[in-house]
Amino acid sequence: MDARLNYFADPTAGKALGHVMAAGKLIKESALPAATQELVALRVSQINGCAFCIDMHTKDAAAAGETPVRLHLVAAWREATVFTDAERAALELAEQGTRIADAAGGVGDEAWANAAKHYDQEQLTALTLLISFMNLANRLNVIAQQPAGGYEPGQLH
């Protein structure tokens, strides 16, 4: 299976995605904990059905030492006991920020306040950027039908 589009072969898309990837690198280097970043990226990708990003973030998280149990339970994080309160707050914010069309009110005040209890302003900004970044990446990959399974940890970093 080949992707419908090769974004990097197109001059305009290649330039634009170069900037997008640079923004992603800045988010990755932020004060938001790396484990939280991978869990959020994985959950947003699960919601959006982005197989390429699920493959990537599962493998990158595992390579960074994340446990298989936590990775398997991200999709059911509400019922799982393996996540910290801070991670749960980030996952809730990620879900509400991703399911804007499904959740009539968008991101609720309660979810925002809960995240703000666990993350400072810099981390909240990085978390918000990460959620938005992942939604962009997921949409690009889903539209192009980017195939999954062949990603190697660290390949895009």
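Taken together, the values in this text are just the output of simple stated rules run on the coordinates, not laboratory data. All values reported here derive from a predicted model rather than from experimental measurement. When we count neighbours, we look across all protein chains shown, and the Cβ atoms used for this are built from the backbone with ideal geometry, even at glycine.
What net charge do the residues around I54 carry, taking every other residue with its C-beta under 13 Å from that of I54, with Lys and Arg at +1 and Asp and Glu at -1?
Numbers: positive: R43, K59; negative: E38, D55, D60.
Summing Lys and Arg as +1 and Asp and Glu as -1 gives -1.
Taking only Cα atoms and a 10 Å spring cutoff, compute GNM fluctuations for the chain and point out the largest among A41, A31, A76.
Judging by the Gaussian network model, the answer is A76.
Of the residues R43, R70, R88, which exhibits the maximal mean-square fluctuation in a Gaussian network model of the chain defined by a 10 Å Cα contact cut-off?
In the Gaussian network model the winner is R70.
K15 versus A148, label points 7 Å from Cα toward the beta carbon: distance in nm?
Computed distance between label sites K15 and A148 equals 3.3 nm.
Show me the GluC sites (Glu not before Pro) within segment 1-78 that DSSP assigns to loop and that have at most 10 other Cβ atoms within 10 Å of their Cβ.
Working: sites: E29, E38, E66; in loops: E29, E66.
The qualifying sites are E29.
Setting aside same-chain residues fewer than 8 positions from K59, which lysines have a Cα under 29 Å from its Cα?
Correct list for K59: K15, K25, K28.
Would you compute, from DSSP H runs of 4+ residues alone, the mean residue ellipticity of the chain at 222 nm, taking -39500 (n - 2.57) per run and dividing by the full residue count, rounded to the nearest 500? It would help to have the intermediate numbers written out before the result.
Values: 7 runs with 100 residues, N = 157.
Using -39500 (n - 2.57) per qualifying helix, the result is -20500 deg cm²/dmol.
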